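> Handing you a structure now.
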C-alpha cells in the first residue's frame, strides 16, 4: 500500500482525489487534509497568505495520522505566487515540519513536463491576468517556453469549482495553439480528472491538469509507477525520479 497525503485549501474540487484513487488501483491511497483558505480571492497577497508556512503546518498533524509517506501542497497558485525561490523554501519548510518528502502542485507541473520531454507549453488558467502571469514566470524559471497564456479571469475558487466539462474545454481551447506540445490547466479548484480523456482527444496532445499532476507528484516522491491511461498520457509513462530543482 502506498499512502500519499495532500494539503488542499478549502473545498472546491477535492472530489477529484477519490476519483483518482479509484482509477489508480487498490494499493494507492490518496488522503486529503483541508487547510484554511482564509479569504477566497484570486489575488496575489491573499494567495501568498493561503500558502504561508503557518497555514500549511496547521494541517500537518492530521496529515501524519493518515500514514502518508509523502506530502504535496495541492495548490498551484499558493505556490508559484512566492516565486521560484520562495516556492522552494515553502516545500522545504513543509518537508521539515511533516518529516517526510514534500512538494507542491507548482513543482509537479515542472516535473511532469520534464517527464514528458516537453519545452513549449500553453497555459489555460482560470486566474486573473496578474496571477496567470506569475505562473508563466514560474514556468520560465523552470526552463519552459510559454507560447500561449490565457487568463480566464475567475476571482474565486468557489466559482471555478462549479465549472463542468463545457467550461473546461472552452478554457483549454482558448489557450491552445499548434506550437504548444502540452497544454496546462493549473487550478486545483477546477474539476478536470473526469474530463482528461475528452481534453486529450479534442486537443490532440498531452494535457496536464492540477489535481492530476499533484497525484502524480505524490507517486513520484514515493517512487511508485502506476499505469492509468484514463488519467491521461502522463500516467502511461514512468515518472522520473530526478528532476530540475
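The values are calculated or read from the model by the stated rules, or taken from the named source; none is laboratory data. In this text the structure is predicted, and so the values were computed from the model without any measurement. Reconstructed Cβ throughout: ideal geometry from the backbone, glycine too, with neighbour counts over all protein chains shown.
Here is a yes/no grid of residues against (1) assigned to a strand (DSSP E or B); (2) under 16 Å from residue 99 (Cβ atoms); (3) at pLDDT below 95; (4) within 18 Å of the chain's Cα centre (by Cα):
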position	(1), (2), (3), (4)
21	no, no, no, yes
26	no, no, yes, no
29	yes, no, no, yes
32	yes, no, no, yes
42	no, no, yes, yes
56	no, yes, yes, yes
72	yes, yes, no, yes
75	no, no, no, yes
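> Determine whether region 70-82 contains at least one residue that is out of contact with any helix residue (DSSP H, G or I) (no Cβ under 7 Å at 6 or more places or on another chain) and surrounded by fewer than 24 Cβ atoms within 10 Å (Cβ to Cβ).
no
> Can you give me the number of residues within region 194-210 that are in contact with a strand residue (DSSP E or B) (Cβ under 7 Å, 6 or more places away or on another chain) and either part of a helix (DSSP H, G or I) or closer than 16 Å to residue 125 by Cβ (or both)?
Qualifying residue count, region 194-210: 8.
> A follow-up question, please. With the structure loaded, tell me whether residue 187 is out of contact with any strand residue (DSSP E or B) (no Cβ under 6 Å at 6 or more places or on another chain) and farther than 17 Å from residue 230 by Cβ or whether it fails that test.
yes
> When you go through 165, 243, 189 one by one, which is the residue that is surrounded by fewer than 22 Cβ atoms within 10 Å (Cβ to Cβ), in contact with a helix residue (DSSP H, G or I) (Cβ under 6 Å, 6 or more places away or on another chain) and at pLDDT 95 or above?
Sole residue among the options that is surrounded by fewer than 22 Cβ atoms within 10 Å (Cβ to Cβ), in contact with a helix residue (DSSP H, G or I) (Cβ under 6 Å, 6 or more places away or on another chain) and at pLDDT 95 or above: 165.
> Which condition does residue 174 not pass, out of (1) on the phi < 0 side of the Ramachandran plot; (2) touching a helix residue (DSSP H, G or I) at 6+ places or on another chain (Cβ under 7 Å); (3) touching a residue at least 24 places away in the same chain (Cβ under 8 Å), if it passes all the others?
It fails just one condition, (2).
> Okay, moving on. Out of the residues in region 95-122 meeting the condition of being in contact with a helix residue (DSSP H, G or I) (Cβ under 6 Å, 6 or more places away or on another chain) and in a strand (DSSP E or B), tell me which one is farthest from residue 176 (Cα to Cα).
Out of the qualifying residues, it is 102.
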